[in-house]
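The values are calculated or read from the model by the stated rules, or taken from the named source; none is laboratory data. Just so it is clear, the model here is predicted, and its values are computed rather than measured. All Cβ positions, glycine included, derive from the backbone under ideal geometry; neighbour counts span all protein chains shown. Remember, those area values only see protein heavy atoms, side chains included, never the ligands or the DNA or RNA. Shrake-Rupley method; radii C 1.70, N 1.55, O 1.52, S 1.80 Å.
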Amino acid sequence: MATFFHYVLFILALVATMELSAEAGVCTRQIGACAPSCGDICASKYPNGGKGACQGDSCVCFYECGTEKRCNVGLGRCSAQCSDACCAAKCAQQGSLSEGFCDRLGYDILCQCSYDCS
């Protein structure tokens with residue numbers, strides 16, 4: 001009976017360990033051009049262990065997923081005169097980690113902006 005109990009306890013501990021490791025993922029975000037200060041920028045942007053590295057010509061931050069706070073705002077309608085590139089340019093005013101995109105909502109196509117507000 002004690003062996004069975006230990007076996008069940010081992011299985012439960014194994015499952016709990018797998019659950020915890022699945023939650024803590026590593027996210028990446030390109031934050032601009034590669035520079036010698038890439039590591040310092042990422043460490044200040046993601047103080048809970050953010051690391052930076054140059055990949056090609058870009059500075060990329062590696063950080064624990066869920067540690068950044070994202071905000072979203074609508075920036076009007078997208079149209080033939082203002083499509084994805086125009087929407088992204090409007091959104092860029094929110095900061096270097098902003099992402100603007102046209103999103104279809106019913107019959108409307110709206111410019112959505114997601115940016116880091118942490």
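Can you tell me the length gained on complete extension of the stretch residue 58 to residue 117, counting 0.36 nm per residue apart and subtracting the Cα distance? It would help to have the intermediate numbers written out before the result.
Values: separation 59, 0.36 × 59 = 21.24 nm, distance 2.17 nm.
Extra length available between residue 58 and residue 117 comes to 19.1 nm.
Once neighbouring chains are kept in place and the probe is 1.4 Å, which whole percent of the accessible area of the stretch 45-118 is contributed by carbon and sulfur? Let's see the in-between values first.
Details: 2240 of 4570 Å².
The computed percentage sits at 49.
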Checklist outcome for this item: Zone reached by a paramagnetic label modelled 7 Å from residue 72 Cα along Cα→Cβ, restricted to the stretch 83-118 with backbone N below 14 Å, covers 99-106, 110-116
